[in-house]
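Written below as structure tokens is the structure these notes are about.
Only the coordinates and a few stated rules stand behind these numbers; no lab work does. Everything numeric in this text was worked out from a predicted model, so none of it was measured. No Cβ is skipped: glycine too gets one built from the backbone with ideal geometry, and neighbour counts run over all protein chains shown.
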Amino acid sequence: MGFGNRWSTGFGNELGKIADGFNAAKTSNPAALAEFVRLVRAENVELIEAQGRTIFPNGDGYQAAKAAANWYGTTGKPMWPANSVNRPKEIRALMTEARVRLAECLVHGAKDCKILGQCEQPKFEIWLTWPPGGFQGQTVTMWVFGPNHAAYGSDPMSAERSAMGEKEPETEAERRAWETWQSDLNEAVHAAEDAHGPLDPAALFRDDDFQQMVWKAVYRLKAGKLLYRETQVAIADDREVPLEGGMHMVTFTGGHEPGMEQRGDQSKLAPAGPAADGVRITWER
């Protein structure tokens, strides 16, 4: 599951499929939403399992297990870059809390929901927003701010087209670009080791030449191609690392949603979308 640097429902509409499942439960089986909340809150059932037992009993349609492997590092191979502020287990905790709160909004009167994602955010964060005055009878939107992890493709609209389900085959140029990316990455890692000793993957992302190499690859590769998973510059496996810190939630009124055309820090620091109330969810160590 990946999304680009523009707000979208994901390269394969994965976030849209999750929202569709929550909305279908709201319409036809609201008890499933309440049970989902109970399983997570009262029994500490893992997110994907709780969804499968309630909201997606006939299959989720967005390959939740694969998403969990990439996002949460359930196989020890997370997809996030080493400069990600948040670890996979923290990201999993944030996504769990956000989806439970989304379900609670639907249980308590929200009309429906949308889920959108945008990368280029080293610090993972999630917002839930609704029009001023309360979420009852309104659409609740989940905004997922994630680190860069996937290619966008040479066409700036490729992520949007992919989100609508139009998947074009990989071209020969894109295949060559992937081989070039892998070769350039290995060369950059070896050069850093020769210059500084043992590799510090997070520090490598602060190197201007490395950043330029990454962004060239981002726009040459097929949209949705994961850049870092199983490389030397992916975030470390944290399955055996205890969680530190905790969830931090701030409610706000009289604010704004991110603008659909906003990218990067501007989406968080100066949101320019419609007026909104909501809650920001982060993990602080």
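General remarks:
- Angle of helix 208-220 to the longest C-alpha principal axis of the chain, folded into 0 to 90 degrees and rounded to 10: 70°.
- Classification of region 1-50 by its C-alpha gyration tensor yields an oblate form. The axis ratio a/c (a ≥ b ≥ c) is 1.5 or more, and b/c is at least a/b.
- Each residue in Glu174, Glu179 was given a count of other beta-carbon atoms within 10 angstrom of its own, and listing them fewest first yields Glu179, Glu174.
- Nearest 10 degrees, 0 to 90: helix 14-28 Cα axis against the chain principal axis: 10 degrees
- Coil-residue GluC sites (Glu not before Pro) of region 221-285, DSSP, other Cβ within 10 Å capped at 13: Glu230, Glu240, Glu244, Glu261
- Among Leu243, Leu33, Leu226, Leu128, the ranking by other beta carbons within 10 Å of each residue's beta carbon, starting with the fewest, stands as Leu243, Leu226, Leu33, Leu128.
- Computed label-point distance, nm, for sites Arg263 and Asp200 using a 7 Å Cα→Cβ extension: 2.9 nm
- Residues of region 59-82 falling in the label zone of Gln232, defined by backbone nitrogen less than 13 Å from a point 7 Å along Cα to beta-carbon, are absent.
- One entry in [x] 1.01; [y] 0.97; [z] 1.26 is Rg/Rh (Cα atoms, Kirkwood Rh) calculated from the shown coordinates; its label is [y].
- Cα gyration tensor shape of region 1-128, rounded if a/c is under 1.5, else prolate or oblate by comparing a/b with b/c: prolate
- Other residues lying with their Cβ under 10 Å from the Cβ of Met247 contribute a combined charge of -3, Lys and Arg counting +1, Asp and Glu -1.
- Within the chain, antiparallel bridges make up roughly 75 percent of the DSSP beta bridges whose residues both belong there.
- Gaussian network model of the chain, Cα within-10 Å springs - most flexible of Asn29, Asn148, Asn58: Asn58
- In region 168-244, a dipole from Cβ-located charges (positive for Lys and Arg, negative for Asp and Glu) runs towards its positive end, and of Ala217, Gln232, Ala195 it is Ala217 whose Cα lies farthest in that direction.
- Proxy reagent accessibility, fewest Cβ within 10 Å first, across Phe3, Phe135, Phe210: Phe210, Phe135, Phe3
- For the chain, adding -39500 (n - 2.57) for each run of n ≥ 4 DSSP H residues and dividing by the number of residues yields -13000 deg cm²/dmol at 222 nm.
- With the simple model of a label 7 Å out from the Cα in the direction of the Cβ, Arg285 to Lys66 spans 3.0 nm.
- Lysines whose Cα lies under 29 Å from that of Lys225, excluding same-chain neighbours fewer than 8 positions away: Lys17, Lys66, Lys77, Lys89, Lys114, Lys123, Lys167, Lys216, Lys268
- Among Arg92, Arg220, Arg206: highest mean-square fluctuation, GNM of the chain, C-alpha pairs under 10 Å: Arg206
- The stretch between Thr139 and Arg239 holds 32.5 nm of extra length on full extension. This uses 0.36 nm per residue minus the Cα-Cα distance.
- Within a Gaussian network of the chain (alpha carbon springs, distance under 10 Å), most fluctuating of Phe22, Phe205, Phe145: Phe205
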